[in-house]
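Trainee: My questions all concern the structure below.
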Amino acid sequence: MSKTLTREVKVYRVTGLALFSHDKFPEWRKFSIEVRAISRDHALEKIYSELGSRHKMKRRNIKIYKIEEIDPDKAENKLLRDFEKISGWEIVK
């Protein structure tokens, strides 16, 4: 009997608009960010968290247009591609 392994963590590409520099010269800019997450909801929450912490953005200043699951090999972020190549890990003392 053969078992097929399913990946629990997937790679998502989130695209949308964000209001940068909302106080001085407001400008809506496009963004496309790839994240590893268990579900679409977790990917969305990760995007809100990252943009909020990096750029001090409020959630109302972030407009999400598309969340798509992508193949890890097609990710533009090299770190995400490398994570998918790891088959296991071991603690060595």
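Each value in this text was obtained by applying a stated rule to the coordinates, not by laboratory testing. All of these numbers come straight from a predicted model, not from anything done at the bench. Heads up, the Cβs are rebuilt from the backbone with ideal geometry, glycines too, and the neighbour counts pull from every protein chain shown.
Trainee: Treating the beta-carbon of each Lys and Arg as +1 and of each Asp and Glu as -1, no other charges, what is the dipole magnitude of the chain about its Cα centre, to the nearest 20 debye?
Mentor: Dipole magnitude for the chain comes out near 320 debye.
Trainee: Which of LYS58/LYS85; LYS46/LYS66; LYS46/LYS78; LYS10/LYS56; LYS46/LYS74; LYS24/LYS63 have a Cα-Cα distance over 24 Å?
Mentor: The pairs that break the limit, which is 24 Å between Cα atoms, are LYS58/LYS85; LYS10/LYS56.
Trainee: Between the helical axis of 40-55 and the dominant principal axis of the chain, each derived from Cα atoms, what acute angle in degrees is found, rounded to the nearest 10?
Mentor: Tilt of helix 40-55: around 50 degrees.
Trainee: When the chain is treated as a GNM, springs tying every alpha-carbon pair under 10 Å, which of SER21, SER32, SER49 comes out with the largest mean-square fluctuation?
Mentor: Maximum among the listed residues: SER21.
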